[in-house]
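None of the figures in this text is laboratory data; all of them are computed from the coordinates on show. Worth saying up front: this structure is predicted, and the values here are computed from it rather than measured. Glycine gets a Cβ as well: all are built from the backbone with ideal geometry, and neighbour counts include every protein chain shown.
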Amino acid sequence: MRATVDRTGTDSHGRAAKIQVRRIKKGDLAKAREVLELAFSDWYERQMGSRPRQVFGGAQYVHHRWLMEPWGCFVAEEDGTKIVGTALAAAWGGIGIAGPVAVLTNYQNQGIGQQLLRAMDEFFEENKTALQGAVTYPTSPKHLYLYHQLGYHAKGLALVMSRPVDRRNGAAPVMPAAAAAAVKVKGTPFTARRFSSLEEAKKKATIARIHRITNAVCRGLDLGKEIEIVDGLALGDTLLLERGRDLLGFAIYHAPGVSEAPVGSLYVKFLALDSAHKRTEHLEQFLVALEELASDLGLARVLVPVYLRYHAAYSTLVRCGYQVDITMVRMQRGKQEDYEDPTHLVLDDWR
Ligand SMILES: CC(C)(COP(=O)(O)OP(=O)(O)OC[C@H]1O[C@@H](n2cnc3c(N)ncnc32)[C@H](O)[C@@H]1OP(=O)(O)O)[C@@H](O)C(=O)NCCC(=O)NCCS
């Protein structure tokens, strides 16, 4: 007697299983996270020959992304019972960020990934994003093909870089700078203020000022939702670099916990300096402020993203001793596809 083999994509009678892509509901969150982590663990294991002990270094994506952008988060479900894939998208104003996306290994290469990407496309259309982007693995023919199929173009490399934080002579971590609302940035006329310390009424006005900075980087780019979710869930904070009453720049960062920061690292998700103040010394000073903050929080590293088309920003990171941890390629599609100015001092993560 032949054993019955369960094939993915077919049920026990050999009928094609029905895969439906729908929006994530609250009850799906744990399962969606599990699918994401399993699919990526399998992928890393195939690439590197060993399974990561903790996928993404302990960083998490699903829960807060769903709270921030519930209409942009999807699952692929088999026969209405089993979640086999997930995709998280966000609209940063006029820029749609696609990903992460994952399909359980046994369900791959059956078109489910493309179904999820198409669902994200509908979300981007609903939000009228002019430009869509993602990052993927530059050496994987499958990943490049997948995004190419949906009209994305491979652009420059997108790196995640990091630098160990100088230990203060082995002293136990102190918290004052992290706890203080605003601190002087040593040797500069700047102050670093935490967004969370602002009165509620001032928060809206600050988000509007930040929007002016990002709008000058790319028309329509708006990080307001990211700032609000980091503040609302205390995933980290947004550091405001100020001189007197001027806002020179901002950095949205996550600290480890239930956030996108890996264990032991302060993770900068988005940093931009006002184009009127785009001097590389200012970026250096801003990085020092973030490193001090990490040290005050007892963290060992600062992690930053950088897109190589922002050449001045990348050169500054290299000069400051940052080294490459992850190399990906940015995929872009839509209007203003070549909007980047190499002199802009922007560190942005599209993962
Ligand atoms: C990337 C991922 C989401 C794709 O999901 P998927 O369901 O396998 O994707 P699909 O089946 O819709 O599409 C894959 C396509 O790549 C093609 N493909 C597979 N291997 C390929 C290769 N070596 N070279 C070129 N194309 C390849 C498949 O034939 C298919 O195209 P087709 O439908 O035109 O035949 C899935 O592989 C995954 O979860 N990987 C691990 C996590 C990950 O890498 N996420 C994405 C990070 S950007």
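Summary table below
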quantity	calculated
Length added when fully stretched, K335-D246, from 0.36 nm per residue minus Cα-Cα	28.9 nm
The stretch 118-142 versus the stretch 90-107: alpha-carbon centroid distance in Å	7 Å
Pairs beyond 25 Å (Cα-Cα), from K184/K269; K155/K278; K128/K269; K18/K128; K31/K155; K155/K335	K18/K128; K31/K155
Reachable lysines, given that their alpha-carbon falls under 20 Å from the alpha-carbon of K25 and they are not under 8 places away in the same chain	K82, K225
Label-point separation, E126 to D325 (7 Å along Cα→Cβ), nm	3.3 nm
Fewest-first ranking of T343, T129, using other Cβ atoms within 10 Å as the exposure measure	T343, T129
Calculated P(r) tail over 13 Å for the stretch 240-305, as whole % of Cα pairs	62 percent
Where only C-alpha atoms are counted, convex hull volume of the stretch 161-348 per residue in Å³	120 Å³
Proximal charge balance of A272 [Cβ under 13 Å; K/R count +1, D/E count -1]	-3
Projected label distance in nm at Q20 and A208, using a 7 Å step from Cα toward the beta-carbon	4.4 nm
Average silhouette area of the stretch 182-274, convex hull of alpha-carbon atoms, in square nanometres	6.2 nm²
Those residues of the stretch 55-69 whose amide nitrogen sits under 14 Å from the label point placed on V263, 7 Å along Cα→Cβ	55-60
Rg [Å, one decimal], Dmax [Å, integer] - the stretch 19-129, C-alpha atoms	13.7, 42
Kirkwood hydrodynamic radius of the chain, Cα pairs, Å	21.2 Å
